[in-house]
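Reviewing the structure listed below.
Bear in mind these aren't lab numbers, they're just calculated from the coordinates by the rules spelled out. Remember, it's a predicted structure, so these values are computed and weren't measured experimentally. Here Cβ is always computed from backbone atoms with ideal geometry, including for glycine, and neighbour counts include all displayed protein chains.
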Amino acid sequence: MASIAKKTLTFGLLALSLFGQEPAPTTLEIGGAKIEVTFGSSDFDLPQEKLLAWISRAAKAVSCYYGVFPVPRMRLRVNSSERRTGVFGGTTWGRTPPFTRIFVGRHTTEQELAEDWMMTHELIHTGFPDVDEEHHWIEEGIATYVEPIARVQTGELTAQMIWHDMARDMPKGQPQPLDQGLDRTHTWGRTYWGGALFCLTADVRIRQASKNTKGLQDALRAIRQAGGTIDNSWSLDRAFAVGDKATGTNVLTSLYAEMKDKPVQVDLDGIWRQLGVVKQGDSITLDDQAPLAAIRRAITVLR
């Protein structure tokens, strides 16, 4: 998750900095960026090299999607916990440089790191500007939607896997009773999956309008290139205007006008049918003869 209080140092980190107790970072150079990694402890079962490899995979996936890593420098702190195994509690702040804190269980296995999505999700937050709190859904929605696509582009996941998961999870983003639109309904489902549903709809519409020559990826790359990263505050209208100019459409602006203050039910069954995502019980098949099958393939292709 991206913290709404992005410019605020946590007391613990400030104290470490003031008293000179912060451990020396390990710097990863990926996608043109320097990512300074520190560890809150050294008591993981896994060696730090395995943890650094996990971070590197996530940073490479983000760099692949955006063309470069979104910001030239950031700090990342991995804290340990005995409460559980696996990865949890990720938060990203947009100070200068941006900072991500994430927790990893001390007994986490290499397989659990290989299956993790959260590190990639957190690093994707660096590629979009700090917007007003009512628009938190777009920050989380982009991270939710882009994370699996970026990992397909680097070969971590298959397209079959992510379309299966999207078909399963996208309905969580549909408006429920009393919904007042994305800007006014701040439930978990609408923030994460409602934002992802916006991104999916926008991606398909951009590709339809551009004859599949442009997509949401082009819009997000342009926003980043124009300085729209987490360490800069923008209006959402400005971000969408930059993205629309890059794709030669008005999809982001018009879709936002549709969904910002009223409950728009997205025809997901129609989208899956057009894309060729065919649900069969708990599994899916991909139909390459579907009307928008070329768009489905283009969304995940390595560029």
* **Entries in Lys214/Lys260; Lys34/Lys211; Lys34/Lys245; Lys211/Lys245; Lys211/Lys262; Lys34/Lys260 that, when Cα-Cα distance is taken, lie over 26 Å** => Lys34/Lys211; Lys34/Lys245; Lys211/Lys262; Lys34/Lys260
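Per DSSP helix of 4 or more residues, -39500 (n - 2.57); summed, then divided by the residues of the chain. What does that give at 222 nm, rounded to the nearest 500? Working shown, then result.
Details: 12 runs with 131 residues, N = 303.
Helix-only estimate at 222 nm: -13000 deg cm²/dmol.
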* Between segment 254-294 and segment 28-63, what's the alpha-carbon centroid distance in Å? -> 35 Å
* Among (1) 18.3, 60; (2) 33.1, 110; (3) 19.2, 63, the entry that matches Rg and Dmax of the Cα atoms in Å as calculated here -> (3)
* Between Gln280 and Gln180, how many nm apart are label points set 7 Å from Cα along the C-beta direction? -> 4.6 nm
* To do: About the Cα centre of segment 133-300, how large is the charge dipole given +1 on each Lys and Arg Cβ and -1 on each Asp and Glu Cβ? Please answer in debye to the nearest 20.
  => 500 debye
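What is the antiparallel percent of DSSP beta bridges lying wholly in the chain, to the nearest 5? Display every interim value, and only then the final one.
On the way: 14 of 29 bridges.
Antiparallel: roughly 50 percent of the beta bridges in the chain.
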* Asked: Which lysines, on any chain, are close to Lys279 with Cα under 22 Å apart, when same-chain ones fewer than 8 places away are left out?
  -> Lys172
* Asked: Which ³J(HN,Hα) values in Hz, rounded to whole numbers, follow from the phi angles of segment 32-41 under the Karplus curve 6.51 cos²θ - 1.76 cosθ + 1.60, where θ = phi - 60° and Gly and Pro get x?
  -> x, 10, 10, 10, 8, 9, 10, 10, x, 7
* Asked: What aspartates and glutamates sit close enough to Lys60 to cross-link, taking a C-alpha to C-alpha distance under 12 Å and skipping anything fewer than 8 places away on the same chain?
  -> Glu29, Glu147, Glu156
